[in-house]
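Student: Got a structure for you, questions after.
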Amino acid sequence: MKRILVIDNNPVILKLISCFLEREGYTAQTALSSLEALQILKKEEKPDVIFTDMVMPQISGGQLCHIIRSMPELQSVPIIIISAIAKEAKLDPAEFGAISCIAKGPKLTEHILAILKKLEKNSDPNLVRKHIGYGEVFQREISKELLSVKKHYDIILNNLDVGVMELTPTGEIVFANPFAISIFGLSKEQLLSLWFPGIFPKTQTELIKYTLNRLEESIQLLEESSKITVNGRSLSMSFIPVHDPPNDSILVIILDITKRLQADFDLRKSEESFRLTFENSADAIVWFNFDTGMIINCNRAAEILFKRSKNELTGQHQSILYSEDKAKIFAGLFDKKSEADRIEEFETEIENRVGETVPVKISAALSFVGDTTIVQGIFSNVSEKMHSREKLNTTNEYLQSLLDSIQAGIVVIDAESRTIVDINPVVSEMLGLPREQIVGRECNTLICSADKTDCLLSEGGICVERSEQVISDSKGREIPVLRTAGVKEISGQKFIIVSFIDISERKKLEERLHQLSITDELTNILNRRGFITLSEQQLKVADRRKKPFYLLYADVNNMKLINDTHGHSSGDEALVQVAKSLKMFRESDIVGRLGGDEFAALFSGQSGELTKELITKRFNENLQIVSKQRDRKFKLTISVGIIRYDPLNPCSLHDLLSRADQLMYKHKLKRS
């Protein structure tokens, strides 16, 4: 037994033991921490005996013993605990897979040597005494108190339904409570000393690494939007840097938000189901405030029944629906003692906006939302029963007039033959064709996909489709439309009803809004988002075509001095002049203001067409031209960094900007 591994975070004790062992003819390896010891055990030759301290930062000696015992190649190596709290903690070495525990006392080295000699004579570790040197030390009350506090906090941590983990500054796991261990599906021995980002799926490793690298700035959060999942669990995590030199660490708080997300999903689904039921009810539904009689909500059927929009109904008193005496009757159906499941029904008449009197049957019930009592009234129009014969005679005429008056294009298609059987005038206007040249044609020659397998009619015969598409008129002009389609059965025959709404103006507005979202308002060049987006696209083109480009990073010198001396209007003028100077290069160049007084420009071109010197010269000339156009009160100087992107040695846009920024900064230092 010549190879001895000694682990103790006290360098003095470590030196004392190692020097003693060397004098006695042993080869001593030392480690100041459990992590260092694990690295030695994984790389070096197996030791013959291991001596370890108990109380150490990060991974304790007890946890280290369990990890060693979980390694098959080290299960037979004797472990001896050396501890200054052996007597106070009443340590049982067998609990940690050790054969003995030596109290740190005046005869520590003598006891170590005695154990080694005994193991050399007899390989049976059971012959070694379990507790050695306990009579040579005294119990310390402060140690007992600290152990009691530690036990108290261990109980709290072990029973939290929140994951708590501690990492080294480089990301190795040194502590995990039971809840955290259960999340990752590994044993504690397997988890400790692992690199934290490495225990996540590969798709999430980079995000965890990026978060750890940002901890110097502040506490970092990864919430549900980050979509961190492990073993089917959705997690949110807080990363808290703990500064305690030389034992700096990172505290990770992990919440299992799987149930909450599922509850949110179920709630949204329930709300959406209720909304659809409410809005699509064939009967008119109106909600009233019981105390004030004010209308607080209604569905589409109510708008149709009362000939008023939802905006016109909500906020009004219920008396606008019927006479005041009938409103009193309606309100008097309930009192504060009424039960929520009690339903009252009665028949009356309502008067709509155009003065028509409509017979209705009202079913009313109370519901309670917080302290507010709501009366829900369901209005069933019974006039149809009275006038069914009259309505039957006028249905065709009414529907045709309705079809003709709708501003959207309406096309009726025979589901079996796929031929167009009817249209409204808007369709003729949109397509630039008379009705005679549309009706009777197959739908896929005008408004549908040419692929008959991509038909609106599903195999089951029922479909509702809503999508944006482009149709062409008779002159080949493309028209963006919002298409809505559904299948209806009339007298046993199925028809596909397709409606088109011209959304050309909306598309123009969307494009305008997109331009505004990527444009800097002051300089009228790209903002940071716009520059990054277009430059990322150019980077991909350069990589694909193996074409280099140049990136210029510019910073206005003494911007604060210009603002403080000449006012912010002069500062704005300086920024505008820089932007104009950059825009004077070429239309194809990508120019953006990254924020504050920082600008960037990406110049692409044929190999040899551009050089750093040419770009610098052109930029300075442009700046002078712009400066002469205005009577400027201040001196405008710019620090620039220009870097060439080589597609044969690719890198990210972030790295490219960072390197150009560094060159700019060097330029700025030379100027100062």
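The values are calculated or read from the model by the stated rules, or taken from the named source; none is laboratory data. Worth saying up front: this structure is predicted, and the values here are computed from it rather than measured. Every residue, glycine among them, receives a Cβ derived from its backbone with ideal geometry; neighbour counts consider all protein chains shown. For the accessible areas, the whole protein counts, side chains as well, though only heavy atoms, and no ligand, DNA or RNA atoms are used. Shrake-Rupley method; radii C 1.70, N 1.55, O 1.52, S 1.80 Å.
Student: Which order do you get for THR30, THR348 if you rank them by accessible area with a 1.4 Å probe, largest at the top?
Tutor: Result of the area sort, largest leading: THR30, THR348.
Student: If you don't mind, another one. Would you give the gap between the C-alpha center of segment 1-48 and the C-alpha center of segment 574-588, rounded to a whole Å?
Tutor: 66
Student: Also: Placing +1 at every Lys and Arg Cβ and -1 at every Asp and Glu Cβ, with all other atoms neutral, what dipole size does segment 22-96 have around its Cα centre, in debye to the nearest 20?
Tutor: Value, rounded to 20: 140 debye.
Student: Set Lys and Arg Cβ to +1 and Asp and Glu Cβ to -1, take the dipole of the chain about its Cα centre, and tell me which of ILE625, LEU221, PRO93 lies farthest positive.
Tutor: Working it through, the farthest residue towards the positive pole turns out to be ILE625.
Student: Tell me whether segment 470-517 comes out rounded, prolate or oblate; compute the Cα gyration tensor, take square roots of the eigenvalues as a ≥ b ≥ c, and use a/c under 1.5 as the rounded threshold.
Tutor: Oblate, because a/c is 1.5 or more while a/b does not exceed b/c.
Student: Normalising by the residue count of the chain, find the relative contact order in percent from Cα pairs under 8 Å and 6+ residues apart. Walk me through the numbers on the way to the answer.
Tutor: Details: 1060 pairs, mean separation 35.4, N = 672.
So the answer I get is 5 percent.
Student: Just name one of TRP287, TYR153, ILE82: the one whose Cα is farthest towards the positive end of the charge dipole of the chain (beta-carbon charges, Lys/Arg +1, Asp/Glu -1).
Tutor: ILE82
Student: If you put +1 on each Lys and Arg Cβ and -1 on each Asp and Glu Cβ, how big is the dipole of segment 187-317 around its Cα centre, in Debye rounded to 20?
Tutor: Value, rounded to 20: 420 debye.
Student: For a quick check: with amide H placed at 1.01 Å from N, whose amide H comes under 5 Å from VAL174's, ignoring anything fewer than 5 positions away on the same chain?
Tutor: Under 5 Å from the amide H of VAL174: GLU166, LEU167, THR168, SER193.
Student: Roughly to the nearest percent, how much of the accessible area of the chain is carbon and sulfur, given a 1.4 Å probe?
Tutor: Details: 19900 of 38380 Å².
It is 52 percent, rounded to a whole number.
Student: State the label only: which of (1) 1.37; (2) 1.14; (3) 0.95 corresponds to Rg/Rh (Cα atoms, Kirkwood Rh) computed from the shown model?
Tutor: The value matching this structure is (2).
Student: Let me ask something else. Let me know the charge dipole size of the chain about its Cα centre in debye, to the nearest 20, where only the beta-carbon of Lys, Arg (+1) and Asp, Glu (-1) is charged.
Tutor: Charge dipole of the chain: 2860 debye, to the nearest 20.
Student: Moving on. Among all helices in the chain defined by DSSP H, which have a length of 15 Å or more along the axis from Cα atoms plus a Kyte-Doolittle mean of at least 0.0? Please report the intermediate quantities before stating the final value.
Tutor: Numbers: long enough: 11-23 (18 Å, 1.20); 108-121 (20 Å, 0.24); 141-158 (25 Å, -0.15); 202-213 (17 Å, -0.80); 258-279 (31 Å, -1.08); 388-405 (24 Å, -1.07); 504-517 (20 Å, -1.73); 528-545 (25 Å, -0.94); 568-583 (22 Å, -0.29); 612-628 (24 Å, -0.68); 653-671 (27 Å, -0.89).
Both cut-offs are met by 11-23, 108-121.
Student: Still on this structure, please answer the following. What trypsin sites (Lys or Arg not before Pro) in segment 504-552 are in a loop by DSSP, with at most 13 other Cβ atoms within 10 Å of the Cβ?
Tutor: In loop regions of segment 504-552 (DSSP not H, G, I, E or B), the sparsely surrounded trypsin sites (Lys or Arg not before Pro) are LYS546.
Student: While we're on this one: Along segment 78-87, what does the Karplus equation 6.51 cos²θ - 1.76 cosθ + 1.60 (θ = phi - 60°) give for ³J(HN,Hα), rounded to whole Hz, x for Gly and Pro?
Tutor: Ordered by residue, 3J(HN,Hα) equals x, 10, 10, 8, 10, 9, 7, 10, 4, 6 Hz.
Student: Related question: Placing +1 on the Cβ of each Lys and Arg and -1 on the Cβ of each Asp and Glu in the chain, which of VAL242, THR519, VAL252 has its Cα farthest towards the positive end of the resulting dipole?
Tutor: My answer, from the dipole projection, is VAL242.
Student: Which entries in LYS507/LYS540; LYS361/LYS494; LYS42/LYS117; LYS633/LYS668; LYS269/LYS507 show an alpha-carbon gap greater than 29 Å?
Tutor: On the way: LYS507/LYS540 27 Å; LYS361/LYS494 33 Å; LYS42/LYS117 27 Å; LYS633/LYS668 22 Å; LYS269/LYS507 31 Å.
The pairs that break the limit, which is 29 Å between Cα atoms, are LYS361/LYS494; LYS269/LYS507.
Student: Now, a different point. Considering only DSSP states other than H, G, I, E and B, which GluC sites (Glu not before Pro) in segment 554-602 qualify as loop sites with at most 13 other Cβ atoms within 10 Å?
Tutor: Answer by residue number: GLU587.
Student: Only bridges whose two residues both fall in the chain count here: according to DSSP, what percent of them are antiparallel, nearest 5?
Tutor: 85
Student: Taking the solvent-accessible surface of protein heavy atoms with a 1.4 Å probe, what is the per residue accessible area of segment 179-328 in Å²?
Tutor: Numbers: 8670 Å² over 150 residues.
Value returned for segment 179-328: 58 Å² of accessible area per residue.
Student: Follow-up question, since we're still on this one. Report relative contact order for segment 520-610 in percent, whole number only (criteria: Cα-Cα under 8 Å, sequence separation at least 6).
Tutor: It rounds to 43 percent for segment 520-610.
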